[in-house]
Amino acid sequence: MKELDINELERRFQEKIDKDIKIEPNDWMPDNYRQTLIRQISQHAHSEIVGMLPEGNWITRAPNLRRKAVLLAKVQDEAGHGLYLYSATETLGADREDTIDDLHSGKAKYSSIFNYPTLSWADMGAIGWLVDGAAIMNQVPLCRCSYGPYARAMVRVCKEESFHQRQGYEIMTTLANGTPEQKAMAQDALNRFWWPALMMFGPSDKDSKHTAQSMAWKIKRQTNDELRQQMVDITVPQAELIGLTVPDPDLKWNEERGHYDFGEINWDEFWNVVKGNGPCNKERVEARRKAKENGAWVREAANAYAAKQKMKKAS
Ligand code: 3HC
């Protein structure tokens, strides 16, 4: 077959994108498209795995067996999401070990939200409600991402995220309807997690270096600010329904826009946390490094057993 020149390859690639034909692992794709996906999907996977730590902190301190079982199931789901997404990066040629080393060396990012401490049981409610709520907002459009394996992984992930968000909102509802101390605990958690949850959507569109290209390649189907606005519009009435107050004095329904107007995000705080200077960044990455070290014997044993089985088969 005549070697197609690069321009023709790129034209055919973009034509598939424009026609919403999924790009699959064995299809030709521009290297930048591949690298953008490896960057985003690997950081998404890191976020899932690091995201287990703040909640794992409360499994042994859940107020009853039901809450413990639900939180345990949620944290296990996040591990599965991470493994799913690491596998998706491997379909693009990324090496799993290198990807994980990038997290441990501090080279790779993960979602800023997981660098905040979890100080009370109510934080488990705020994380489920706000963090998983924001994750759903961001992940539903990714179910229509142009790269097949990522889009399909998101369909499965989103189903589980909905359970995560509901269990979090139920915790907040229970506390908000409880004693004055419980309601105060829920309000305190909302105060601490509201703005970091809005930061999850990334910098504003005007400051986002990847959004324009990611939209052209239909990796992103909506921009950071569009998704952030949806999050505010959906979540504010949920807070009001349970008698909690969103910590934003500038929050106001704008009838003309059909959206809430809300205050300015503290972008210095955002970039500070993204750059590794958040409250828990060092602790989170150290915990992941330790987990890899502590798990080395399991990997060695599994590899030794697999090698022995292979030799047995070959003899
Ligand atoms: N935390 C850390 N880094 C962030 C960030 C955040 N909240 N938002 C943006 N950044 C980084 C980007 O990674 C990029 O840096 P890089 O070039 O070194 O990768 C830089 O800031 C510029 O941001 P852009 O908006 O231009 O970058 P993107 O186009 O990649 O958009 C994103 C950022 C919206 C997070 C996008 O990457 C995305 O949609 N990722 C997939 C979803 C995801 O990762 N969600 C994280 C939460 S997962 C989760 O919550 C699990 C749930 O089960 C609890």
Which condition breaks for Asn277 when tested against (1) within 16 Å of the ligand (Cβ to nearest atom); (2) in contact (Cβ under 8 Å) with a residue 12 or more places away in the chain; (3) out of contact with any strand residue (DSSP E or B) (no Cβ under 9 Å at 6 or more places or on another chain); (4) within 30 Å of Ile38 (Cβ to Cβ)?
-> (2)
Could you please find all residues in region 258-272 being exposed (fewer than 10 other Cβ atoms within 10 Å of the Cβ) and either closer than 26 Å to Ser111 by Cα or touching a helix residue (DSSP H, G or I) at 6+ places or on another chain (Cβ under 7 Å) (or both)?
-> Glu264, Asp268
Any chance region 51-60 includes a residue that's among the small types (Gly, Ala, Ser), crowded, with 21+ Cβ neighbours inside 10 Å and part of a helix (DSSP H, G or I)?
-> no
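Let's see how each residue does on (1) under 17 Å from Val273 (Cβ atoms); (2) buried (at least 21 other Cβ atoms within 10 Å of the Cβ):
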residue: Ser87; (1), (2): no, no
residue: Asp95; (1), (2): no, no
residue: Ile100; (1), (2): no, no
residue: Ser105; (1), (2): no, no
residue: Thr118; (1), (2): yes, yes
residue: Trp121; (1), (2): no, no
residue: Met124; (1), (2): no, yes
residue: Gly128; (1), (2): no, yes
Cβ-Cβ below 6 Å, separation at least six or inter-chain, first residue in region 196-211 and touching a residue at least 40 places away in the same chain (Cβ under 8 Å), second in a loop (DSSP other than H, G, I, E, B) and within 6 Å of the ligand (Cβ to nearest atom): which pairs?
-> Met200/Ser111
Here are some conditions: (1) within 11 Å of the ligand (Cβ to nearest atom); (2) touching a residue at least 60 places away in the same chain (Cβ under 8 Å). Met172 meets all but one. Which one does it not meet?
-> (1)
Residue, nearest to Arg39 (Cα to Cα), within region 205-257, restricted to residues that are buried (at least 16 other Cβ atoms within 10 Å of the Cβ) and small (Gly, Ala, Ser) | Ser214
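Per-residue answers, yes or no, for (1) within 14 Å of the ligand (Cβ to nearest atom); (2) under 20 Å from the mean Cα position of the chain (by Cα); (3) under 18 Å from Gln167 (Cα atoms); (4) without any contact (Cβ under 8 Å) to a residue 60 or more places away in the chain:
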| site | (1), (2), (3), (4) |
| --- | --- |
| Glu24 | no, no, no, no |
| Thr36 | yes, yes, no, no |
| Ile41 | yes, yes, no, no |
| Ile49 | yes, yes, no, no |
| Met52 | yes, yes, yes, yes |
| Glu90 | no, yes, no, yes |
| Ile113 | yes, yes, no, no |
Among the residues of region 147-189, which ones are outside any helix (DSSP H, G or I) and crowded, with 24+ Cβ neighbours inside 10 Å?
-> Tyr147
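Each reported figure results from applying straightforward, stated rules to the coordinates on display, with no laboratory input. Computed from a predicted structure; not experimentally measured. Cβ sites come from the backbone with ideal geometry, for glycine too, and all protein chains shown count toward neighbours.
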